1. When you go through (1) within 30 Å of E55 (Cα to Cα); (2) touching a residue at least 40 places away in the same chain (Cβ under 8 Å) one by one for D175, which number turns out not to apply?
2. Going by the conditions given, is L123 in contact with a His (Cβ under 7 Å, 6 or more places away or on another chain) and in a helix (DSSP H, G or I)?
3. Do we have A124 as at pLDDT 90 or above and within 17 Å of the chain's Cα centre (by Cα) here?
4. Spot the failing condition for A24; the list is (1) hydrophobic (A, V, I, L, M, F, W, C); (2) surrounded by fewer than 10 Cβ atoms within 10 Å (Cβ to Cβ); (3) modelled with pLDDT under 85, and only one is missed.
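The values are calculated or read from the model by the stated rules, or taken from the named source; none is laboratory data. A quick note: this is a predicted structure, and the numbers were derived from the prediction, not measured. Cβ coordinates were reconstructed from backbone atoms using ideal geometry, including for glycine residues, and neighbour counts include every protein chain displayed.
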Amino acid sequence: MRFFIPTVANEPEDEDDIELFREAIKDARPLKQPPRVQHPTKKPRPVPQQFIRDEYQALADSLSDHYIPAHELESGEELLYLREGHSPDLLRKLRRGHWVIQEQLDLHGMRADEARLYVVQFLAECRKRGARCVRIIHGKGLGSKNREPVLKNKLRSWLMQRDEVLAYCQARDVDGGAGALVVLLKSG
């Protein structure tokens, strides 16, 4: 029986060491391996990928690009909205920065379909966390084809369609000005 004995590079082998090693292990026998026990494994539950995709698509489709209610308030370029049945004081307080902005979403560089999905997910997460006042940055449209704010106009109609949105207004200059909206969500 011959064994391979590793050597360190640049070190000559010493025959006496090799012989001593062989003498020391001549009666050695391999250990018996215990039989392998196969544990029953539970298969993970399948993830319904198509169902998840369908749910996201349904959320995205629930926001139309062409929804404009009669009670929307606009003053020039500034976007304002107050859900029907709420006091104008709510909108006035929102415009003056009465509530602290708790969360924000930045849509810069996104295409409309992608932005719509992000808005839906963002609002759902804010609702779960109990955030009341949020900022959505849509940009001023300086990078768009006609240098017009595409997302700004779409965001206006998307937000009006969401039940959790009570009001929104253009952000104050310190909060993003014409490139962002401050949104007030229902509490609880």
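1. (1)
2. no
3. Here the answer is yes, as A124 does meet what is asked.
4. Condition not satisfied by A24: (3).
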